[in-house]
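Working notes for the structure below.
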Amino acid sequence: MLFQTSLGVDIQEHGLCLACLNASTRNVKLAFYGVHSLEKGMDDGEKIDVILGLIEGFLQESRISPTSVFLGVPRSIAILRYLEFPMAVKENLRESLGYELEKHVPFSLEDIYFDFQIISEDKTSGRLQLLLVVVKKETLSPFLGLAKRLGVGISGIEISSTALTNYFFQRDGKSDGSPRAFVYAGEHDIELGLFNNDMLLYSRAMSENDDLLEALPAALETMRRDFGNSDEPMDTVLCGTEKDAPLMERLHGTNIINAQLADLSRSQLPSTGVMVAYGLALRGVRRSSMGINLLPPALRKKPSRLKFYTLFGLLSLVFLGALAWGGGVFLQRQWTLDRLDGEIKNLGSQVKKFEQVKKEGKRIEDRIDYLNTLRRGGVPVLEILKELSERIPKSVWLKRFDFSEKGIQLEGYATSASELIMLLDNSPMFGDVKFLSAINKDRTGKERFRIGLNLK
């Protein structure tokens, strides 16, 4: 990623920020930036037209042709989930997620875009933890339209939380193993996040309509209790502007956090408002800790190889000149080495084929191990899930499914929980169907239920 130019485009509800980075062997430099306000009341089509014009004007005015362009979308439009899976499914994790998604988000697979990143792996327990980011297709559709229309192409789309994590990773380098939080004040909301070992472990967006002077300290206290040491303040970076001064002073005055203002000197940013765009642009010029990309692969810009081809051509000319200067003896030796290199490559291709066969065999073994875990007490879990899917109406949202030696427990929401009891009781597979707790209704009128049943 040396000698690359990358553009980060942070798109918020009523604002647009652009940051262009140039990378050399030693450092990353902020070459150009731009901050724009967007009028309220525009529909998605008008908004995208305005954003497209601002980006094209920025590129024309700064006279740059970026090798990579990354778009950032608001944290508030995405759903984040932290999930655990057996390490046996690591090779087919995206496929396994596709089967499990509807258990964790209230949308069908056909209605969403998603990406994930492994956060940690525990070889002792054989489990891995991952971050799942989900956005509805209709919500992301305007941004995909922008990706198609922008002449320079788009390399990726991610949320502001992961871009901020990449910013702090680039600024501070490798983590010392202690969790650190950040409070980022956007134009109309506050974003709260926590990262450790350069991975995003917590993210929450809070609206300006909330009572932030009360809600934000409470959220920080919860985060400290869950991820840090409840007896000690948590290191927290405050990223805000002058209008956020009362809120930042309130946080300074608590013993919940060890607050420090964001240091922009190393990255030479004009304000904290450019941090997200800077973190987005880093994806194109440096190794990033977070690699979430919500842009479908078919729409992603392919990396340009022109500079590498040019460098290769120059090196080839130098090499040929050295051959001519060295004389016939050196040339003869080089031909011999070339012949040996060819033989080594032939052997290497055979070794690679063997490794591929070995890897495929390992993948099949892991898949078999995973399928073997789906059998409890002699009854395949897949048959139980099939029976439940046929008995439970589509209007029911199943929030929880537990299966153990003690029986099966279901928890979720339904229009009529009593009818669900009758449907399950009529199954030839289940018996002793009963409510485990009283039925409660939520705000939408749905009945919340907990049902227990056993296998016949």
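Just so it is clear, none of the values below were taken in a lab; they were calculated from the coordinates. Just so it is clear, the structure is predicted and the values come from calculations on it, not from any experiment. Quick reminder, even Gly has a Cβ in these numbers, built from the backbone with ideal geometry, and neighbours come from all protein chains shown.
Quick notes on this one:
- Global geometry of the chain, whether rounded, prolate or oblate, following the gyration tensor of its Cα atoms and the 1.5 cut on a/c: oblate
- Using alpha-carbon coordinates, inclination of helix 137-149 to the longest axis of the chain, degrees: 10
- The chain: angle of helix 93-104 to the longest principal axis, Cα-based, in degrees nearest 10: 40
- Across the chain, Cα pairs under 8 Å and at least six residues apart give a relative contact order of 15 percent.
- Nearest-ten-degree value, helix 328-372 long axis tilted from longest Cα axis of the chain: 0
- Full extension of the chain segment joining Asp211 with Leu340 gains 39.2 nm, where the gain is 0.36 nm per residue of separation less the Cα-Cα distance.
- Descending by average beta-carbon neighbour count within 10 Å, the peptides 190-201, 398-409, 146-157 line up as 190-201, 146-157, 398-409, the highest first.
- Lys399 paired with Leu54, simple spin-label distance in nm, labels 7 Å along Cα-to-beta-carbon: 3.9
- Within the straight-line cut-off of under 21 Å between alpha carbons, the lysines reachable from Lys352 are Lys362, sequence neighbours fewer than 8 places apart in one chain being disregarded.
- Peptide packing for 32-38, 281-287 was compared via the average number of neighbouring C-beta atoms within 10 Å per residue; ordered from the highest value, the list is 281-287, 32-38.
- In terms of distances greater than 22 angstrom between alpha carbons, the cross-link table entries Lys301/Lys359; Lys136/Lys394; Lys136/Lys386; Lys302/Lys345; Lys136/Lys399 yield Lys301/Lys359; Lys136/Lys386; Lys302/Lys345.
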